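Below are the C-alpha coordinates for one structure; questions will follow.
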Amino acid sequence: MPDIDPLDHVAMTLLGDLPFWRLRAIEHVTLSRAFWSERERIIHAHSFEEVMQRCTSKAEELRSSLNLIGALNKKKVELVLPIAELPKIPILDLAISVDGAPVYRVSKDEAARIQAHYVVDLARKASVDPDSFVVPESFIDFLTFIFYFPPHGYERHANGFERLSLTKPNYWWARFNYLLSEGGKHGLPAQSEMGKWYAIWQANAEGFKELSRSYVDDDPMSGSQHPVLSLPYLFQELQERAERFGDDSVLVSPGEVAANFDTLRDLLKQSSAKASVNPHAERFIKTYYSYGYRWMTFARCTVPLDRSFIIAMREKRAIYFTPHRHKRPSLWQQFRPAAWQGVSFADAETNHVSIEVSDMDVRIKGKPSVYGETIEAPLDDVTQESPHFPDEETCTFELYTRVDSQRGRPERIFIKCPLRLMRVRASVLWLTICITMFGWILLGLRGIPDLSKELVPIPGTKSPTIGTDLTAKDAALILVPVAFAGTLLLSKQDSTLGSWMRKVPHAILLGELFGLLGTAFVLILTHHIKIG
(Lines give C-alpha, C1' and ligand atoms only; values in the text may rest on other atoms or scores of the structure.)
Protein backbone atom coordinates (compact mmCIF):
# COMPACT_ATOMS: atom_id res chain seq x y z
CA MET A 1 0.00 0.00 0.00
CA PRO A 2 1.40 3.46 -0.87
CA ASP A 3 2.69 5.64 1.95
CA ILE A 4 0.15 7.92 3.59
CA ASP A 5 0.29 10.89 5.92
CA PRO A 6 0.78 9.92 9.62
CA LEU A 7 -2.37 11.83 10.57
CA ASP A 8 -4.29 9.83 7.97
CA HIS A 9 -2.82 6.68 9.47
CA VAL A 10 -4.34 7.62 12.85
CA ALA A 11 -7.66 8.33 11.14
CA MET A 12 -7.58 4.88 9.52
CA THR A 13 -6.86 3.28 12.89
CA LEU A 14 -9.80 5.04 14.52
CA LEU A 15 -11.97 4.32 11.48
CA GLY A 16 -11.10 0.64 11.65
CA ASP A 17 -13.26 -0.06 14.68
CA LEU A 18 -15.24 2.97 15.82
CA PRO A 19 -16.97 1.35 18.82
CA PHE A 20 -13.69 0.54 20.59
CA TRP A 21 -13.06 4.21 21.44
CA ARG A 22 -16.66 5.48 21.45
CA LEU A 23 -18.63 4.92 24.61
CA ARG A 24 -22.06 6.18 23.59
CA ALA A 25 -23.69 7.78 20.55
CA ILE A 26 -26.91 9.72 21.06
CA GLU A 27 -28.82 10.98 18.02
CA HIS A 28 -31.98 13.04 18.13
CA VAL A 29 -34.03 13.58 14.96
CA THR A 30 -36.80 16.17 14.78
CA LEU A 31 -39.24 15.96 11.89
CA SER A 32 -40.08 19.66 11.73
CA ARG A 33 -40.48 20.37 8.02
CA ALA A 34 -42.04 18.67 5.02
CA PHE A 35 -38.70 17.86 3.42
CA TRP A 36 -36.10 18.59 6.13
CA SER A 37 -35.30 17.05 9.49
CA GLU A 38 -33.17 18.65 12.19
CA ARG A 39 -30.56 16.35 13.69
CA GLU A 40 -28.30 16.55 16.69
CA ARG A 41 -25.74 13.84 17.40
CA ILE A 42 -23.54 13.60 20.50
CA ILE A 43 -20.73 11.05 20.84
CA HIS A 44 -19.10 10.33 24.20
CA ALA A 45 -15.53 9.20 23.52
CA HIS A 46 -13.19 7.32 25.87
CA SER A 47 -9.88 8.88 26.74
CA PHE A 48 -7.21 7.55 24.39
CA GLU A 49 -4.98 6.64 27.34
CA GLU A 50 -7.72 4.36 28.65
CA VAL A 51 -8.22 2.82 25.21
CA MET A 52 -4.49 2.17 24.73
CA GLN A 53 -4.31 0.31 28.05
CA ARG A 54 -6.63 -2.41 26.77
CA CYS A 55 -5.06 -5.70 25.73
CA THR A 56 -6.41 -5.69 22.21
CA SER A 57 -4.87 -5.46 18.75
CA LYS A 58 -6.80 -2.24 18.12
CA ALA A 59 -5.34 -0.64 21.25
CA GLU A 60 -1.84 -1.64 20.13
CA GLU A 61 -2.51 -0.28 16.65
CA LEU A 62 -3.71 3.04 18.09
CA ARG A 63 -0.61 3.27 20.30
CA SER A 64 1.62 2.69 17.27
CA SER A 65 -0.27 5.24 15.18
CA LEU A 66 -0.08 7.94 17.84
CA ASN A 67 3.61 7.18 18.28
CA LEU A 68 4.07 7.99 14.56
CA ILE A 69 3.12 11.62 15.18
CA GLY A 70 4.93 11.85 18.53
CA ALA A 71 1.78 12.33 20.58
CA LEU A 72 2.34 9.94 23.48
CA ASN A 73 4.33 12.45 25.53
CA LYS A 74 1.70 15.17 25.21
CA LYS A 75 -1.57 15.78 27.00
CA LYS A 76 -3.24 16.81 23.73
CA VAL A 77 -2.82 15.62 20.18
CA GLU A 78 -3.77 17.08 16.81
CA LEU A 79 -5.22 14.50 14.45
CA VAL A 80 -7.81 13.73 11.80
CA LEU A 81 -10.84 12.29 13.58
CA PRO A 82 -13.66 10.28 11.93
CA ILE A 83 -16.89 11.92 13.08
CA ALA A 84 -19.90 10.28 11.39
CA GLU A 85 -21.19 8.83 8.15
CA LEU A 86 -23.45 11.10 6.13
CA PRO A 87 -25.66 9.91 3.25
CA LYS A 88 -25.16 11.49 -0.16
CA ILE A 89 -28.31 13.59 0.09
CA PRO A 90 -28.82 17.35 0.61
CA ILE A 91 -27.48 18.44 4.01
CA LEU A 92 -27.62 21.97 5.43
CA ASP A 93 -26.14 23.86 8.40
CA LEU A 94 -23.60 21.19 9.31
CA ALA A 95 -21.74 22.19 12.48
CA ILE A 96 -19.17 19.99 14.27
CA SER A 97 -17.47 20.56 17.62
CA VAL A 98 -14.93 18.36 19.40
CA ASP A 99 -14.22 18.83 23.09
CA GLY A 100 -16.28 22.02 23.05
CA ALA A 101 -14.44 23.70 20.15
CA PRO A 102 -15.68 24.11 16.56
CA VAL A 103 -13.52 22.12 14.13
CA TYR A 104 -12.60 22.19 10.46
CA ARG A 105 -14.20 19.54 8.29
CA VAL A 106 -11.84 17.73 5.94
CA SER A 107 -12.77 18.11 2.26
CA LYS A 108 -14.72 15.26 0.67
CA ASP A 109 -11.97 14.27 -1.77
CA GLU A 110 -9.39 14.09 1.03
CA ALA A 111 -11.82 12.07 3.17
CA ALA A 112 -12.42 9.72 0.23
CA ARG A 113 -8.65 9.22 -0.09
CA ILE A 114 -8.46 8.14 3.57
CA GLN A 115 -11.36 5.76 2.98
CA ALA A 116 -9.62 4.34 -0.11
CA HIS A 117 -6.46 3.60 1.90
CA TYR A 118 -8.57 2.01 4.62
CA VAL A 119 -10.45 -0.23 2.16
CA VAL A 120 -7.18 -1.33 0.53
CA ASP A 121 -5.82 -2.13 3.99
CA LEU A 122 -8.92 -4.25 4.68
CA ALA A 123 -8.42 -6.05 1.36
CA ARG A 124 -4.80 -6.73 2.28
CA LYS A 125 -5.83 -8.22 5.64
CA ALA A 126 -8.46 -10.34 3.90
CA SER A 127 -5.87 -11.70 1.45
CA VAL A 128 -4.53 -15.23 1.82
CA ASP A 129 -0.98 -13.83 1.81
CA PRO A 130 -1.13 -10.26 3.19
CA ASP A 131 2.61 -9.65 2.79
CA SER A 132 2.48 -10.28 -0.95
CA PHE A 133 -0.68 -8.23 -1.51
CA VAL A 134 0.01 -5.59 -4.18
CA VAL A 135 -2.35 -3.28 -6.06
CA PRO A 136 -1.60 -1.00 -9.04
CA GLU A 137 -0.38 2.51 -8.20
CA SER A 138 -3.48 4.06 -9.77
CA PHE A 139 -5.81 1.87 -7.72
CA ILE A 140 -5.93 4.31 -4.77
CA ASP A 141 -7.02 7.16 -7.05
CA PHE A 142 -9.52 4.81 -8.68
CA LEU A 143 -11.11 3.94 -5.30
CA THR A 144 -10.92 7.54 -4.08
CA PHE A 145 -13.22 8.80 -6.80
CA ILE A 146 -15.59 5.87 -6.47
CA PHE A 147 -16.12 6.97 -2.87
CA TYR A 148 -16.03 10.69 -3.69
CA PHE A 149 -18.61 10.45 -6.50
CA PRO A 150 -21.35 13.06 -5.84
CA PRO A 151 -24.54 11.67 -7.39
CA HIS A 152 -26.45 14.91 -7.95
CA GLY A 153 -25.31 15.52 -11.55
CA TYR A 154 -25.96 11.97 -12.66
CA GLU A 155 -29.25 11.82 -10.73
CA ARG A 156 -30.53 14.86 -12.62
CA HIS A 157 -29.37 13.30 -15.89
CA ALA A 158 -30.98 9.93 -15.06
CA ASN A 159 -34.28 11.57 -14.04
CA GLY A 160 -34.46 13.35 -17.39
CA PHE A 161 -33.65 10.08 -19.15
CA GLU A 162 -36.36 8.31 -17.12
CA ARG A 163 -39.00 10.87 -18.11
CA LEU A 164 -38.22 10.24 -21.77
CA SER A 165 -38.48 6.46 -21.35
CA LEU A 166 -41.90 4.93 -21.96
CA THR A 167 -40.98 1.71 -20.15
CA LYS A 168 -38.81 0.88 -17.15
CA PRO A 169 -35.72 3.15 -17.33
CA ASN A 170 -32.61 1.54 -18.75
CA TYR A 171 -29.81 2.79 -16.51
CA TRP A 172 -27.20 1.17 -18.79
CA TRP A 173 -28.03 3.73 -21.48
CA ALA A 174 -28.43 6.50 -18.89
CA ARG A 175 -24.85 5.90 -17.66
CA PHE A 176 -23.52 5.80 -21.23
CA ASN A 177 -25.21 9.08 -22.14
CA TYR A 178 -23.92 10.59 -18.90
CA LEU A 179 -20.33 9.72 -19.83
CA LEU A 180 -20.86 11.12 -23.34
CA SER A 181 -22.19 14.40 -21.93
CA GLU A 182 -19.33 14.72 -19.41
CA GLY A 183 -16.50 13.46 -21.62
CA GLY A 184 -15.57 16.76 -23.22
CA LYS A 185 -15.21 18.50 -19.86
CA HIS A 186 -13.35 15.80 -17.97
CA GLY A 187 -10.81 14.37 -20.40
CA LEU A 188 -12.57 11.05 -21.03
CA PRO A 189 -11.96 9.21 -24.33
CA ALA A 190 -13.36 10.89 -27.45
CA GLN A 191 -16.98 10.18 -28.33
CA SER A 192 -15.89 8.03 -31.27
CA GLU A 193 -14.09 5.71 -28.84
CA MET A 194 -16.42 6.04 -25.87
CA GLY A 195 -18.75 3.25 -26.98
CA LYS A 196 -15.89 0.74 -27.20
CA TRP A 197 -14.38 1.64 -23.82
CA TYR A 198 -17.74 1.89 -22.08
CA ALA A 199 -18.59 -1.65 -23.22
CA ILE A 200 -15.20 -2.87 -21.89
CA TRP A 201 -15.60 -1.09 -18.55
CA GLN A 202 -19.13 -2.36 -18.08
CA ALA A 203 -18.03 -5.92 -18.90
CA ASN A 204 -15.20 -5.68 -16.34
CA ALA A 205 -17.59 -4.25 -13.74
CA GLU A 206 -20.16 -6.97 -14.38
CA GLY A 207 -21.42 -8.48 -11.16
CA PHE A 208 -20.74 -5.51 -8.86
CA LYS A 209 -24.47 -4.91 -8.36
CA GLU A 210 -25.27 -8.61 -7.89
CA LEU A 211 -22.50 -9.00 -5.29
CA SER A 212 -23.94 -6.10 -3.31
CA ARG A 213 -27.42 -7.59 -2.85
CA SER A 214 -26.51 -9.43 0.37
CA TYR A 215 -24.92 -6.36 1.96
CA VAL A 216 -26.74 -3.18 0.90
CA ASP A 217 -29.93 -2.19 -0.87
CA ASP A 218 -29.91 -1.59 -4.60
CA ASP A 219 -29.09 2.03 -5.42
CA PRO A 220 -28.60 3.12 -9.06
CA MET A 221 -26.82 6.26 -7.79
CA SER A 222 -24.18 4.35 -5.79
CA GLY A 223 -20.60 4.75 -6.97
CA SER A 224 -19.65 1.38 -5.48
CA GLN A 225 -22.36 -0.58 -7.28
CA HIS A 226 -21.83 1.34 -10.54
CA PRO A 227 -18.19 2.53 -10.42
CA VAL A 228 -18.20 3.65 -14.05
CA LEU A 229 -20.11 6.75 -12.86
CA SER A 230 -17.04 8.03 -10.99
CA LEU A 231 -14.75 8.03 -14.05
CA PRO A 232 -15.41 11.68 -15.09
CA TYR A 233 -14.11 12.85 -11.71
CA LEU A 234 -11.10 10.51 -11.86
CA PHE A 235 -10.02 11.71 -15.32
CA GLN A 236 -10.64 15.35 -14.41
CA GLU A 237 -8.57 15.19 -11.22
CA LEU A 238 -5.63 13.41 -12.86
CA GLN A 239 -5.68 15.83 -15.79
CA GLU A 240 -5.62 18.83 -13.42
CA ARG A 241 -2.84 17.19 -11.40
CA ALA A 242 -0.76 16.69 -14.56
CA GLU A 243 -1.23 20.32 -15.60
CA ARG A 244 -0.40 21.61 -12.12
CA PHE A 245 2.82 19.66 -11.72
CA GLY A 246 3.74 19.30 -15.40
CA ASP A 247 3.91 15.53 -15.06
CA ASP A 248 1.92 13.45 -17.54
CA SER A 249 2.91 10.22 -15.78
CA VAL A 250 0.03 10.67 -13.32
CA LEU A 251 -2.50 10.26 -16.13
CA VAL A 252 -4.22 6.92 -16.62
CA SER A 253 -5.27 5.34 -19.87
CA PRO A 254 -8.67 3.71 -20.48
CA GLY A 255 -6.84 0.38 -20.46
CA GLU A 256 -5.47 1.02 -16.94
CA VAL A 257 -8.98 1.86 -15.80
CA ALA A 258 -10.19 -1.47 -17.20
CA ALA A 259 -7.37 -3.22 -15.30
CA ASN A 260 -8.46 -1.51 -12.08
CA PHE A 261 -12.02 -2.75 -12.68
CA ASP A 262 -10.61 -6.27 -13.02
CA THR A 263 -8.60 -5.93 -9.79
CA LEU A 264 -11.56 -4.62 -7.81
CA ARG A 265 -13.94 -7.25 -9.21
CA ASP A 266 -11.53 -10.06 -8.28
CA LEU A 267 -11.09 -8.68 -4.74
CA LEU A 268 -14.85 -8.49 -4.24
CA LYS A 269 -15.48 -11.99 -5.58
CA GLN A 270 -12.73 -13.51 -3.42
CA SER A 271 -13.96 -11.66 -0.34
CA SER A 272 -17.58 -12.65 -0.98
CA ALA A 273 -16.55 -16.30 -1.18
CA LYS A 274 -14.65 -16.06 2.15
CA ALA A 275 -17.00 -13.67 3.96
CA SER A 276 -18.63 -16.41 6.07
CA VAL A 277 -15.31 -17.59 7.53
CA ASN A 278 -13.05 -14.53 7.28
CA PRO A 279 -14.21 -11.44 9.23
CA HIS A 280 -11.72 -9.23 7.39
CA ALA A 281 -13.20 -10.28 4.04
CA GLU A 282 -16.74 -9.55 5.24
CA ARG A 283 -15.61 -6.20 6.64
CA PHE A 284 -13.92 -5.30 3.35
CA ILE A 285 -16.93 -5.99 1.15
CA LYS A 286 -19.41 -4.33 3.54
CA THR A 287 -17.25 -1.25 3.88
CA TYR A 288 -16.67 -0.93 0.15
CA TYR A 289 -20.38 -1.02 -0.70
CA SER A 290 -21.47 1.24 2.16
CA TYR A 291 -19.02 3.95 1.06
CA GLY A 292 -20.81 4.06 -2.29
CA TYR A 293 -23.81 5.95 -0.94
CA ARG A 294 -22.34 7.54 2.21
CA TRP A 295 -19.60 10.03 2.99
CA MET A 296 -17.47 9.60 6.07
CA THR A 297 -17.02 12.98 7.72
CA PHE A 298 -13.52 13.67 9.08
CA ALA A 299 -12.39 16.70 11.09
CA ARG A 300 -8.97 18.15 11.90
CA CYS A 301 -9.02 18.78 15.62
CA THR A 302 -7.10 18.74 18.88
CA VAL A 303 -8.26 16.22 21.49
CA PRO A 304 -7.06 15.37 25.01
CA LEU A 305 -5.27 12.09 25.58
CA ASP A 306 -5.82 11.80 29.33
CA ARG A 307 -9.57 12.40 29.61
CA SER A 308 -12.82 11.65 27.87
CA PHE A 309 -14.30 14.16 25.46
CA ILE A 310 -17.51 14.81 23.55
CA ILE A 311 -18.11 15.15 19.81
CA ALA A 312 -21.23 17.12 18.87
CA MET A 313 -22.73 17.51 15.41
CA ARG A 314 -25.81 19.38 14.17
CA GLU A 315 -27.30 19.31 10.71
CA LYS A 316 -30.45 19.55 8.62
CA ARG A 317 -31.06 16.57 6.38
CA ALA A 318 -33.53 15.91 3.59
CA ILE A 319 -36.52 13.68 4.39
CA TYR A 320 -37.65 11.02 1.93
CA PHE A 321 -41.06 9.33 1.89
CA THR A 322 -39.81 6.27 0.00
CA PRO A 323 -37.13 3.74 0.99
CA HIS A 324 -35.22 4.61 -2.19
CA ARG A 325 -34.36 8.29 -2.34
CA HIS A 326 -34.19 8.38 -6.15
CA LYS A 327 -37.83 7.34 -6.52
CA ARG A 328 -40.78 9.67 -6.24
CA PRO A 329 -43.52 8.75 -3.74
CA SER A 330 -46.55 7.15 -5.32
CA LEU A 331 -50.07 8.49 -4.79
CA TRP A 332 -50.65 5.87 -2.07
CA GLN A 333 -47.39 6.82 -0.33
CA GLN A 334 -48.53 10.45 -0.36
CA PHE A 335 -51.94 9.45 0.98
CA ARG A 336 -50.42 7.27 3.75
CA PRO A 337 -46.96 8.88 4.16
CA ALA A 338 -44.05 7.38 6.07
CA ALA A 339 -40.76 9.24 6.64
CA TRP A 340 -37.63 7.09 6.17
CA GLN A 341 -34.66 7.95 8.37
CA GLY A 342 -31.20 6.38 8.02
CA VAL A 343 -29.09 6.12 11.17
CA SER A 344 -25.59 4.83 11.95
CA PHE A 345 -26.27 2.35 14.74
CA ALA A 346 -23.11 0.41 15.56
CA ASP A 347 -20.41 3.09 15.73
CA ALA A 348 -20.29 3.14 19.54
CA GLU A 349 -20.55 0.70 22.43
CA THR A 350 -24.12 1.89 22.97
CA ASN A 351 -26.32 3.68 20.43
CA HIS A 352 -29.38 5.72 21.29
CA VAL A 353 -31.64 7.22 18.63
CA SER A 354 -34.85 9.19 19.09
CA ILE A 355 -37.23 10.57 16.46
CA GLU A 356 -39.63 13.35 17.40
CA VAL A 357 -42.45 15.06 15.51
CA SER A 358 -42.55 18.74 16.46
CA ASP A 359 -45.70 19.64 14.48
CA MET A 360 -48.68 19.55 16.84
CA ASP A 361 -50.97 18.53 13.96
CA VAL A 362 -48.93 15.43 13.00
CA ARG A 363 -48.44 12.18 14.91
CA ILE A 364 -46.51 8.93 14.58
CA LYS A 365 -48.99 6.18 13.80
CA GLY A 366 -48.27 2.96 15.62
CA LYS A 367 -44.78 1.56 16.07
CA PRO A 368 -42.16 2.47 13.43
CA SER A 369 -40.56 -0.39 11.51
CA VAL A 370 -36.76 -0.77 11.63
CA TYR A 371 -34.86 -2.30 8.71
CA GLY A 372 -31.26 -3.24 8.04
CA GLU A 373 -29.22 -2.04 5.09
CA THR A 374 -30.94 -4.34 2.60
CA ILE A 375 -34.47 -3.14 3.54
CA GLU A 376 -35.98 -6.62 3.11
CA ALA A 377 -37.92 -7.21 6.32
CA PRO A 378 -38.09 -5.48 9.74
CA LEU A 379 -35.27 -6.51 12.07
CA ASP A 380 -37.68 -7.59 14.80
CA ASP A 381 -39.94 -9.59 12.46
CA VAL A 382 -40.54 -12.91 14.23
CA THR A 383 -40.83 -14.70 10.88
CA GLN A 384 -37.11 -14.14 10.23
CA GLU A 385 -34.56 -16.80 11.12
CA SER A 386 -32.82 -14.52 13.65
CA PRO A 387 -34.93 -11.46 14.55
CA HIS A 388 -33.07 -8.71 16.38
CA PHE A 389 -34.64 -6.98 19.38
CA PRO A 390 -33.03 -3.88 20.94
CA ASP A 391 -32.23 -3.33 24.61
CA GLU A 392 -34.96 -0.72 24.89
CA GLU A 393 -37.65 0.62 22.58
CA THR A 394 -40.50 3.03 23.30
CA CYS A 395 -43.01 4.73 21.06
CA THR A 396 -45.70 7.36 21.56
CA PHE A 397 -47.62 9.44 19.05
CA GLU A 398 -44.88 12.11 19.11
CA LEU A 399 -41.63 10.30 20.02
CA TYR A 400 -39.85 7.05 19.13
CA THR A 401 -36.67 5.88 20.89
CA ARG A 402 -34.39 2.90 20.35
CA VAL A 403 -31.39 1.91 22.52
CA ASP A 404 -29.08 -0.97 21.72
CA SER A 405 -25.69 -2.20 22.88
CA GLN A 406 -25.71 -5.75 21.48
CA ARG A 407 -22.74 -6.69 19.36
CA GLY A 408 -24.86 -8.31 16.65
CA ARG A 409 -26.82 -5.16 15.78
CA PRO A 410 -26.56 -3.86 12.20
CA GLU A 411 -24.13 -1.05 11.47
CA ARG A 412 -26.82 1.08 9.82
CA ILE A 413 -30.57 0.99 10.17
CA PHE A 414 -33.49 2.58 8.34
CA ILE A 415 -36.49 3.62 10.44
CA LYS A 416 -39.86 3.87 8.72
CA CYS A 417 -42.06 6.32 10.64
CA PRO A 418 -45.72 6.28 9.51
CA LEU A 419 -47.12 9.81 9.84
CA ARG A 420 -50.76 10.81 10.16
CA LEU A 421 -52.69 13.93 11.07
CA MET A 422 -53.95 14.21 14.63
CA ARG A 423 -57.26 12.39 14.98
CA VAL A 424 -59.31 15.52 15.74
CA ARG A 425 -57.85 17.42 12.77
CA ALA A 426 -58.21 14.43 10.47
CA SER A 427 -61.80 13.79 11.63
CA VAL A 428 -62.86 17.38 10.94
CA LEU A 429 -61.18 17.32 7.53
CA TRP A 430 -62.68 14.01 6.41
CA LEU A 431 -66.10 14.87 7.86
CA THR A 432 -66.09 18.08 5.80
CA ILE A 433 -65.13 16.05 2.74
CA CYS A 434 -68.04 13.65 3.33
CA ILE A 435 -70.54 16.47 3.96
CA THR A 436 -69.38 18.32 0.84
CA MET A 437 -69.72 15.15 -1.21
CA PHE A 438 -73.21 14.53 0.26
CA GLY A 439 -74.19 18.13 -0.58
CA TRP A 440 -72.95 17.68 -4.14
CA ILE A 441 -74.97 14.46 -4.54
CA LEU A 442 -78.06 16.05 -2.95
CA LEU A 443 -77.86 19.12 -5.18
CA GLY A 444 -77.61 16.88 -8.22
CA LEU A 445 -80.50 14.64 -7.18
CA ARG A 446 -82.82 17.56 -6.35
CA GLY A 447 -81.67 19.96 -9.05
CA ILE A 448 -81.29 17.72 -12.09
CA PRO A 449 -84.75 17.55 -13.72
CA ASP A 450 -86.90 14.48 -13.93
CA LEU A 451 -87.34 13.81 -17.64
CA SER A 452 -90.76 12.20 -17.08
CA LYS A 453 -92.27 15.53 -16.03
CA GLU A 454 -94.12 17.83 -18.38
CA LEU A 455 -92.53 20.95 -19.84
CA VAL A 456 -93.46 24.22 -18.15
CA PRO A 457 -92.59 27.75 -19.32
CA ILE A 458 -89.78 29.67 -17.69
CA PRO A 459 -91.20 32.77 -15.99
CA GLY A 460 -90.76 35.84 -18.21
CA THR A 461 -89.79 33.81 -21.30
CA LYS A 462 -91.44 31.55 -23.86
CA SER A 463 -88.79 28.86 -23.46
CA PRO A 464 -90.11 25.65 -21.91
CA THR A 465 -88.20 23.64 -19.31
CA ILE A 466 -88.82 20.77 -16.93
CA GLY A 467 -89.92 21.87 -13.54
CA THR A 468 -88.08 20.99 -10.34
CA ASP A 469 -88.94 21.38 -6.68
CA LEU A 470 -85.56 22.98 -5.77
CA THR A 471 -85.75 26.59 -4.64
CA ALA A 472 -82.97 29.10 -4.04
CA LYS A 473 -83.37 28.66 -0.28
CA ASP A 474 -82.95 24.89 -0.67
CA ALA A 475 -79.83 25.41 -2.79
CA ALA A 476 -78.40 27.86 -0.23
CA LEU A 477 -78.90 25.29 2.53
CA ILE A 478 -77.20 22.60 0.47
CA LEU A 479 -74.28 24.95 -0.24
CA VAL A 480 -73.58 25.51 3.48
CA PRO A 481 -70.57 23.08 3.38
CA VAL A 482 -68.87 25.52 1.01
CA ALA A 483 -68.13 27.83 3.94
CA PHE A 484 -66.56 25.04 6.00
CA ALA A 485 -64.56 23.74 3.04
CA GLY A 486 -63.31 27.24 2.17
CA THR A 487 -62.24 27.82 5.78
CA LEU A 488 -60.21 24.61 5.87
CA LEU A 489 -58.59 25.29 2.50
CA LEU A 490 -57.67 28.92 3.27
CA SER A 491 -56.58 28.49 6.90
CA LYS A 492 -52.89 29.18 7.53
CA GLN A 493 -50.77 26.13 8.37
CA ASP A 494 -48.21 26.33 11.17
CA SER A 495 -45.63 24.12 9.43
CA THR A 496 -44.85 22.76 6.00
CA LEU A 497 -45.04 19.18 7.33
CA GLY A 498 -48.68 19.63 8.31
CA SER A 499 -49.38 21.28 4.95
CA TRP A 500 -47.78 18.39 3.08
CA MET A 501 -49.79 15.86 5.11
CA ARG A 502 -53.01 17.65 4.11
CA LYS A 503 -52.09 17.80 0.44
CA VAL A 504 -54.16 14.81 -0.75
CA PRO A 505 -57.25 15.50 1.43
CA HIS A 506 -57.15 19.17 0.42
CA ALA A 507 -56.96 18.18 -3.25
CA ILE A 508 -60.07 15.98 -2.79
CA LEU A 509 -61.88 18.74 -0.91
CA LEU A 510 -60.95 21.35 -3.50
CA GLY A 511 -62.26 19.13 -6.32
CA GLU A 512 -65.54 18.58 -4.45
CA LEU A 513 -65.87 22.29 -3.68
CA PHE A 514 -65.52 23.38 -7.30
CA GLY A 515 -67.76 20.50 -8.43
CA LEU A 516 -70.45 21.62 -5.98
CA LEU A 517 -70.23 25.27 -7.02
CA GLY A 518 -70.09 24.37 -10.71
CA THR A 519 -73.20 22.23 -10.41
CA ALA A 520 -75.06 25.03 -8.62
CA PHE A 521 -74.12 27.61 -11.26
CA VAL A 522 -75.17 25.31 -14.11
CA LEU A 523 -78.54 24.64 -12.47
CA ILE A 524 -79.15 28.37 -11.96
CA LEU A 525 -78.08 29.10 -15.54
CA THR A 526 -80.48 26.49 -16.94
CA HIS A 527 -83.31 27.68 -14.66
CA HIS A 528 -83.51 24.41 -12.74
CA ILE A 529 -83.34 26.31 -9.44
CA LYS A 530 -86.40 28.43 -8.72
CA ILE A 531 -85.40 32.00 -7.91
CA GLY A 532 -88.09 34.45 -6.74
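The values are calculated or read from the model by the stated rules, or taken from the named source; none is laboratory data. No experiment lies behind these values; they were computed from the predicted model shown. Cβ: placed from backbone, ideal geometry, glycine included. Neighbour counts: every protein chain shown. Each accessible area value is taken on the protein alone, full model and side chains, heavy atoms only, with ligands, DNA and RNA left out. Shrake-Rupley method; radii C 1.70, N 1.55, O 1.52, S 1.80 Å.
Just to verify a result, which residue in the range 308-335, among those that are within 17 Å of residue 14 (Cα to Cα) and open to solvent by 40 Å² or more (accessible area, probe 1.4 Å), is nearest to the chain's Cα centre (by Cα)?
Within the range 308-335, the match that is nearest to the chain's Cα centre (by Cα) is 310.
Right, another one. Here is a list: 360, 437. Which entry is over 23 Å from the mean Cα position of the chain (by Cα), touching a residue at least 60 places away in the same chain (Cβ under 8 Å) and assigned to a loop (DSSP other than H, G, I, E, B)?
360
Follow-up. Within the range 365-387, is even one residue free of Cβ contacts under 8 Å to residues at least 24 places away in the same chain, open to solvent by less than 60 Å² (accessible area, probe 1.4 Å) and touching a strand residue (DSSP E or B) at 6+ places or on another chain (Cβ under 6 Å)? Steps first, answer last, please.
Step one: list which residues in the range 365-387 are free of Cβ contacts under 8 Å to residues at least 24 places away in the same chain, which gives 376-378, 380-387.
Now restrict to residues that are open to solvent by less than 60 Å² (accessible area, probe 1.4 Å): 377-378, 380-381, 387.
From what is left, the residues that are touching a strand residue (DSSP E or B) at 6+ places or on another chain (Cβ under 6 Å) are 378.
For the range 365-387, residues free of Cβ contacts under 8 Å to residues at least 24 places away in the same chain, open to solvent by less than 60 Å² (accessible area, probe 1.4 Å) and touching a strand residue (DSSP E or B) at 6+ places or on another chain (Cβ under 6 Å): present.
From the set of residues in the range 163-190 that are at pLDDT 75 or above and not in a helix (DSSP H, G or I), which is surrounded by the most Cβ atoms within 10 Å (Cβ to Cβ)?
Here the answer is 188.
Report every pair of residues separated by at least 6 positions or lying on different chains whose Cβ atoms are under 9 Å apart, first residue within the range 86-112 and within 19 Å of residue 344 (Cα to Cα), second part of a loop (DSSP other than H, G, I, E, B) and open to solvent by 70 Å² or more (accessible area, probe 1.4 Å).
90/35
Given the conditions (1) surrounded by fewer than 15 Cβ atoms within 10 Å (Cβ to Cβ); (2) of a type in the set (S, T, N, Q); (3) at pLDDT 80 or above, report the number of the one that residue 432 does not fulfil.
All conditions pass for residue 432, except number (1).
Follow-up question, since we're still on this one. Here are some residues: 45, 95. Which one is at pLDDT 90 or above, of a type outside the set (D, E, K, R) and more than 28 Å from residue 121 (Cβ to Cβ)?
Values: 45 fails: more than 28 Å from residue 121 (Cβ to Cβ).
None of the other options fit; the residue is 95.
If I go through the range 286-307 residue by residue, how many of them are of a type in the set (Phe, Trp, Tyr) and either part of a helix (DSSP H, G or I) or open to solvent by 40 Å² or more (accessible area, probe 1.4 Å) (or both)? Explain how you work it out, then say what you get.
Within the range 286-307, the subset of a type in the set (Phe, Trp, Tyr) is 288-289, 291, 293, 295, 298.
This time we only want the ones that are either part of a helix (DSSP H, G or I) or open to solvent by 40 Å² or more (accessible area, probe 1.4 Å) (or both), so: 288-289.
Total meeting the criteria: 2.
So which residues in the range 140-162 are of a type in the set (Phe, Trp, Tyr) and either surrounded by fewer than 17 Cβ atoms within 10 Å (Cβ to Cβ) or in contact with a Ser or Thr (Cβ under 9 Å, 6 or more places away or on another chain) (or both)?
The answer is 142, 145, 147, 148, 149.
Taking into account only those residues within the range 372-402 that are over 22 Å from the mean Cα position of the chain (by Cα) and not in a loop (DSSP other than H, G, I, E, B), which is farthest from residue 324 (Cα to Cα)?
Among residues in the range 372-402 that are over 22 Å from the mean Cα position of the chain (by Cα) and not in a loop (DSSP other than H, G, I, E, B), the one farthest from residue 324 (Cα to Cα) is 392.
Please give the number of the condition residue 30 fails out of (1) buried (at least 17 other Cβ atoms within 10 Å of the Cβ); (2) in a helix (DSSP H, G or I).
Result: residue 30 passes all but (2).
Let me ask something else about it. Checking residue 55 against (1) open to solvent by 60 Å² or more (accessible area, probe 1.4 Å); (2) within 18 Å of residue 309 (Cα to Cα), only one condition comes out false. Which one?
It fails just one condition, (2).
Moving to a separate point now. Out of all the residues in the range 291-324, which are under 27 Å from residue 367 (Cβ atoms) and in contact with a Phe, Trp or Tyr (Cβ under 8 Å, 6 or more places away or on another chain)?
Result: 316, 317, 318, 319, 320, 321, 322, 323.
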